[in-house]
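Any read-out appearing in this document is the output of simple, stated calculations on the displayed coordinates, not a laboratory observation. All values derive from a computational prediction rather than experimental measurement. Every residue, glycine as well, gets a Cβ built from its backbone with ideal geometry; the counts of neighbours run over all protein chains shown.
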Amino acid sequence: MNAYVPILVLGAIAVGFAGFSVIMALIVGPKRYNRAKLEAYECGIEPAAQPMGFGRYPVKYYLTAMLFIIFDIEIVFLYPWAVHFDALGFFGLFAMGLFIFNVSVAYAYEWRRGGLSWD
């Protein structure tokens, strides 16, 4: 349990600092609100009228985001393997070869289907 005390202390300091920052910003920060400050920032252009529900995003946006997350998480599994490459031996090499093959097949499938092209 003594090994976790520094981690808990650091977490408590982080939570305390975040809470202190938010409270001080509310107390000390300016309170002069006007119409311009309450609107969304549009780079100096007058905001266009939005339909109810703020418009729709194309599904392609979400598919691209999900593909990025999936492949990013899969590639993160390469780091522990690279750190312990010598200790794993042939079994580790074979297992990582199968893993890279599976990732490559999924990547090729998405590339072939056009999931990586933005239209």
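Axis of helix 85-113 versus longest Cα principal axis of the chain: the two differ by about 60°, to the nearest ten degrees. Mean-square fluctuations from a GNM of the chain, with a 10 angstrom spring cutoff on Cα atoms, peak among PHE17, PHE91, PHE99 at PHE17. Using Cα atoms only, what is the angle between the long axis of helix 59-76 and the major principal axis of the chain, expressed in degrees (0 to 90) to the nearest 10? The angle comes out at about 50 degrees. Think of it as helices only: each DSSP H run of n ≥ 4 in the chain is worth -39500 (n - 2.57), and spread over all residues that comes to -22500 deg cm²/dmol at 222 nm. Among the listed values [x] 51; [y] 78; [z] 61, the one matching percent of Cα pairs over 17 Å apart as calculated from this structure is [y]. Our estimate of slack between TYR62 and HIS84, defined as 0.36 nm per intervening residue step minus the Cα-Cα distance, is 4.4 nm. Subtracting the Cα-Cα distance of LYS31 and LEU116 from 0.36 nm times their residue separation leaves 26.0 nm of extension gain. Dipole magnitude for the chain: about 480 debye, using +1 per Lys or Arg Cβ and -1 per Asp or Glu Cβ, origin at the Cα centre.
Please work out the FRET efficiency for the pair ASN102 and MET1, using the Cβ-Cβ distance as r and a Förster radius of 35 Å; give the result to the nearest 0.05. Don't jump to the answer; show the numbers that get you there.
Values: r = 40 Å, r/R0 = 1.14.
Result of the calculation: an efficiency of 0.30.
Think of the chain as having a plus end and a minus end, set by charges on the Cβ of Lys, Arg, Asp and Glu; of ALA49, ILE23, ASN34, ASN34 sits farthest toward the positive end of this dipole.
If I stretch the segment between TYR109 and PHE71 completely, what's the gain in nm (0.36 nm per residue apart, minus their alpha carbon distance), one decimal? Numbers along the way, then the final one.
Values: separation 38, 0.36 × 38 = 13.68 nm, distance 1.27 nm.
Gain on extension, TYR109 to PHE71, equals 12.4 nm.
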